Amino acid sequence: MHLRKTYKIGLLFAVAIVLLQIGCSKFDKTFQTENSAILSGGQQTVFDAGSGAFGHPFPVMPENLQDVHEVGDAQFEATFVSAPAPLNPGRGPLFNNVSCSACHISDGRGKVPGIGDTSVSTLFRVSIPGTDAHGGPNPVPGFGDQIQNRSIFNTQKEADVAVSYLDQRFSFDDGTFYYLRIPTYSIINTYTAFPGNAMVSPRVAAPVFGLGLLEAISDEDILSKADEQDTNGDGISGRANFVWNYVTNSTTLGRFGWKANQPSILQQVAGALNGDMGITSSIFPKENSVGQPQFDHRNDDPELSDSLLHAIAFYIKTLAVPARRNVDDPVVKQGEILFLQAGCNTCHTPDQRTKVDVSFPAISNQLIHPYTDLLLHDMGNGLADNRADFLANGREWRTAPLWGIGLTQKVNG
């Protein structure tokens, strides 16, 4: 009898310890102070360091909005097919891929094509000298502003892109050698003549998590960090890109894309559907093949309803950010010191705060740590694509966010 009582007491004690540990674990994750560097996405931070780290919805969001997120998720994963079809019709006649998730793998980045690979999750922007009616890149006659290397049955694709690399040797100040791969891209197998003065620039699909929080940073905060003439003398001259907004029919601040050439998640989504898959919408109601022999002349535009378009945009808008890890590791702390000493933080701004938004409290007034200023910076000749995009010249690129970058290998390989 005494032994049974002792066993019960021991069991209760063990259960109490487990519950205490669970409670402490939950406290560590949920009740961090607002200023904690761990909370990369503020309230919308998730604690997953596995292969699904980029694919979580906002943890703090009403249930009805979670439902909208799920609808958008399903559409993001959906495979589009050529019309007519009962489900997900409208792909083509020209396209690069069949779904959003085929490029943005596990909501992360795409893959750079190797020698002889087809560009499955990398596309190629093209243009000729000059600008279009809105100050953007000037489309290539017969090809538009993007090479579509795939087409539906009985239709000619525009072209293929051949990729080659040159390994070039460089050295550090201490004499240690290292090699960098310099890519060369060639437009081949064109259905018609490709102009010799056309400019070509690759675009690897970028991660899509955390974009809703970046969109919630006010224009004023972004512009306050611009210093085009380097008036403070720190050697950094970030500047904003101003681009055409097809939703408002006006020029607005650009913040998404490799050259900050997209003003909003909604336009980014609509543009990708149209350019990458040939799916028309109310924002881009014309096929990407208009004016070319591949145009199908079908009277089915727009092919994607506004409700589904907005659901996809909302899905991306409400993807959470994985927490920063190992903040107390001495090596990590030393790296942070070097990061600051080298001035990396002058472009990769660690802290941002989202604007107050009573219409969507989930993203309102959040202290976040994206490590970007969302501005354009001159990256020199070595990284130049020599192709302008609105105000961004051929040497300028938008500062890429660094949050979650340590999980890229695990998520995307």
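The values are calculated or read from the model by the stated rules, or taken from the named source; none is laboratory data. What you see is a predicted model, and the numbers here were worked out from it, not measured in a lab. Methodologically, a virtual Cβ is constructed for each residue, glycine included, from the backbone with ideal geometry; neighbour enumeration extends over all protein chains shown.
Worth pointing out:
- The number of residues in segment 273-331 that are surrounded by 23 or more Cβ atoms within 10 Å (Cβ to Cβ) and of a type in the set (Phe, Trp, Tyr) comes to 1.
- Hits in segment 94-124 - residues which are assigned to a strand (DSSP E or B), of a type outside the set (Phe, Trp, Tyr) and buried (at least 23 other Cβ atoms within 10 Å of the Cβ): LEU94, LEU123
- Scanning segment 395-412 for residues that are in contact (Cβ under 8 Å) with a residue 40 or more places away in the chain and part of a loop (DSSP other than H, G, I, E, B) gives THR399, ALA400, PRO401, LEU402, TRP403, GLY404.
- If you go through segment 157-188 and keep only what is among the β-branched types (Val, Ile, Thr) and part of a strand (DSSP E or B), you end up with VAL161, VAL163, ILE182, THR184, ILE187, ILE188.
- Search result, residues across segment 212-257 that are of a type outside the set (Asp, Glu), part of a loop (DSSP other than H, G, I, E, B) and closer than 15 Å to ARG398 by Cα: LYS225, ALA226, ILE236, SER237, GLY238, ALA240, ARG255, GLY257
- Residues in segment 322-331 that are more than 23 Å from the chain's Cα centre (by Cα) and closer than 17 Å to PRO370 by Cα: ASN326, VAL327.
- Residue under evaluation ASN299, criteria (1) within 26 Å of ARG239 (Cα to Cα); (2) at pLDDT below 95, criterion not met: (1)
- Tally of residues being within 19 Å of GLN156 (Cβ to Cβ) and modelled with pLDDT of 95 or more across segment 91-130: 11
- Long-range neighbours under 7 Å by Cβ, at least six apart or interchain, first residue at positive phi within segment 110-132, second surrounded by 16 or more Cβ atoms within 10 Å (Cβ to Cβ) and modelled with pLDDT under 90: none
- Residues located in segment 345-379, provided they are of a type outside the set (Ser, Thr, Tyr) and under 21 Å from ASN64 (Cα atoms): ASP357, VAL358, PHE360, PRO361, ALA362, ILE363
- Of the criteria (1) among the hydroxyl-bearing types (Ser, Thr, Tyr); (2) loosely packed, with under 13 Cβ neighbours inside 10 Å; (3) touching a strand residue (DSSP E or B) at 6+ places or on another chain (Cβ under 9 Å), which one SER264 fails: (2)
- Residues in segment 144-156 that are in a loop (DSSP other than H, G, I, E, B) and in contact with a Phe, Trp or Tyr (Cβ under 7 Å, 6 or more places away or on another chain): ILE147, GLN148, GLN156.
- Within segment 227-250, the set of residues being surrounded by 15 or more Cβ atoms within 10 Å (Cβ to Cβ) and either in contact (Cβ under 8 Å) with a residue 60 or more places away in the chain or among the hydrophobic types (A, V, I, L, M, F, W, C) (or both) comprises ILE236, SER237, GLY238, ARG239, ALA240, ASN241, PHE242, VAL243, TRP244.
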